[in-house]
Amino acid sequence: MVFVSALASEVNLLLVISLLIVVLGLILKRFNQPYIIAYILSGVILGPHGLEVVTDIAFAQHLGDIGLIILMFFIGMEISLPDFLKRWKVAFFGTGMQVIFSVILMSVLGYFLEWSFNRVVLLGFIISISSSAVVIKLIQDQADQNSKTSQNVISILLTQDILIVPMIILLSLLGGEVLDMGQVALQITGGILIIATMIYLIKKQRIRLPFEKVLSQDHELQIFAGLIACFGIALVTSLFELSASLGALVSGILINASNSSKWLHDSLHSFRVILISIFFISVGMLIDLMFLKEHLLAVSLLVLIVYLSNHGINAISLRLLGNTWKESLIGGSFLAQIGEFSFVLATIGLQQGIITNYGYQITIIVIAITIFISPFWVLITQTAIGASSK
């Protein structure tokens, strides 16, 4: 009876979540808004800071982590390294400017707020990383993957995702606790292996996966082969004390370099929709409405600073790289939010004693809100630019 009761409870939960997503999704569809907003709102409403339908936020975050791994795997499958190299100037210069000026901005704020050097670097890193999860979804929803602006934005996102490795290592070195040289050595080794893999793929361009020909004809085994490819390399990177999501991204890039990306993409599409929605729902659950109410002014100012600085830095860097002002401003709007990897950086900052629990809470809620606002910010920018060009 206990098992039946627990099962009924889980079924009811799935029913409520699905119903809420459908209702919100239909409302947003009338206003041509992406489903991301419905997912995040569902998390806010049903989470521990809303109606408390879901109270185990740790469990929700674990499911969200799985969704993020799947998402990064699919993003990797869209990335061709030879095409990426054609835009290496945009990728490295754009990302470099974003990181440098974000740290400078935090240095200015830190001077007046008496922040330590470690905190300045941490917060600079956090706001410099944009959200691949949000941006790729928005670009796909607009069916705009092949435009010049989208390709430039995706190149910058890929570079940011790779840059997360040295960021994690550097933050480990800056922590106030005794340095674990074994952990640092593992992270450096993992980073070197990822770089070596990228170089190998660039030289080979095309690779052949084991059982590729057989699996291409078997749709049932394709699902499990895809999950092995995704979570296998994700497990390897986690063993090197790096993000599992980064491993999933590398796995997707490997798949892209083979002939398997199309059938894997088709076979895993349903898993992708479900697990990605869980990731965004878990983001919504991080938005504590009471905390937001108590610190509304501070959070609002930080969100505004993030959007204006990230949008401005990215737009200027894209313009300096030869894009038109229209392309640059739209590209900057896509990159204006803070990304999902910044949750990882914030957690490391808390564990290393670089930020307090209050600093961690306000950082998490700012990240979550910038992700939520992102579709609106892109729409407002596109509308404003479209109106001014008429």
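The values are calculated or read from the model by the stated rules, or taken from the named source; none is laboratory data. Every value quoted in this text rests on a predicted model; they were computed, and no experiment measured them. Cβ sites come from the backbone with ideal geometry, for glycine too, and all protein chains shown count toward neighbours.
If a residue must be in a helix (DSSP H, G or I) and closer than 30 Å to ILE355 by Cβ, how many such residues does region 109-159 contain?
Residues flagged as in a helix (DSSP H, G or I) and closer than 30 Å to ILE355 by Cβ within region 109-159 amount to 29.
Pick from region 261-307 the residues that are over 21 Å from ALA229 (Cα atoms), of a type in the set (D, E, K, R) and assigned to a helix (DSSP H, G or I): which of them is modelled with the lowest pLDDT?
This residue is LYS293.
Restricting to region 140-167, give me the number of residues that are at pLDDT 80 or above and either exposed (fewer than 15 other Cβ atoms within 10 Å of the Cβ) or over 19 Å from TRP88 (Cα atoms) (or both).
Counting residues in region 140-167 that are at pLDDT 80 or above and either exposed (fewer than 15 other Cβ atoms within 10 Å of the Cβ) or over 19 Å from TRP88 (Cα atoms) (or both) gives 2.
Kindly indicate whether any position in region 44-56 is under 23 Å from GLN140 (Cα atoms) and small (Gly, Ala, Ser). Outline the logic, then answer.
Keep residues of region 44-56 that are under 23 Å from GLN140 (Cα atoms), which gives none.
No, every residue in region 44-56 fails to be under 23 Å from GLN140 (Cα atoms) and small (Gly, Ala, Ser).
Can you tell me which residue within region 316-367, out of those that are among the hydroxyl-bearing types (Ser, Thr, Tyr) and closer than 27 Å to GLY94 by Cβ, is farthest from the chain's Cα centre (by Cα)? Explain how you work it out, then say what you get.
Kept after step one, since they are among the hydroxyl-bearing types (Ser, Thr, Tyr), are these residues of region 316-367: 317, 324, 328, 333, 342, 347, 356, 358, 360, 363.
Narrowing further to those that are closer than 27 Å to GLY94 by Cβ: 317, 324, 328, 333, 342, 347, 363.
Numbers: SER317: 21, THR324: 27, SER328: 21, SER333: 16, SER342: 8, THR347: 15, THR363: 15 Å.
Checked region 316-367; the qualifying residue farthest from the chain's Cα centre (by Cα) is THR324.
Which one is surrounded by the most Cβ atoms within 10 Å (Cβ to Cβ), of the residues in region 89-108 that are hydrophobic (A, V, I, L, M, F, W, C) and without any contact (Cβ under 8 Å) to a residue 12 or more places away in the chain? If you could, list the steps in order and put the result at the bottom.
From region 89-108, those hydrophobic (A, V, I, L, M, F, W, C) are 90-93, 97, 99-101, 103-106, 108; that's our starting set.
Applying the additional criterion that residues be without any contact (Cβ under 8 Å) to a residue 12 or more places away in the chain yields 100, 108.
Values: ILE100: 13, VAL108: 10.
Looking at the filtered set, the residue picked out is ILE100.
Is at least one residue of region 280-293 closer than 25 Å to ILE380 by Cβ, of a type in the set (D, E, K, R) and surrounded by 16 or more Cβ atoms within 10 Å (Cβ to Cβ)?
No, because not a single residue in region 280-293 is closer than 25 Å to ILE380 by Cβ, of a type in the set (D, E, K, R) and surrounded by 16 or more Cβ atoms within 10 Å (Cβ to Cβ).
Of the conditions (1) in a helix (DSSP H, G or I); (2) in contact (Cβ under 8 Å) with a residue 60 or more places away in the chain; (3) surrounded by fewer than 24 Cβ atoms within 10 Å (Cβ to Cβ), LEU170 clears all except one; give me its number.
LEU170 satisfies every listed condition except (2).
Restricting the search to region 18-35, which residues are part of a helix (DSSP H, G or I) and modelled with pLDDT under 80? Full working, then the answer.
Taking region 18-35 and keeping what is part of a helix (DSSP H, G or I), we get 18-30, 35.
Once the filter is applied, which keeps residues that are part of a helix (DSSP H, G or I) and modelled with pLDDT under 80, region 18-35 yields LEU28, LYS29, ARG30, TYR35.
In this structure, does ILE338 turn out to be buried (at least 16 other Cβ atoms within 10 Å of the Cβ), hydrophobic (A, V, I, L, M, F, W, C) and touching a residue at least 12 places away in the same chain (Cβ under 8 Å)?
Values: buried (at least 16 other Cβ atoms within 10 Å of the Cβ): yes; hydrophobic (A, V, I, L, M, F, W, C): yes; touching a residue at least 12 places away in the same chain (Cβ under 8 Å): yes.
For ILE338, the condition - buried (at least 16 other Cβ atoms within 10 Å of the Cβ), hydrophobic (A, V, I, L, M, F, W, C) and touching a residue at least 12 places away in the same chain (Cβ under 8 Å) - is met.
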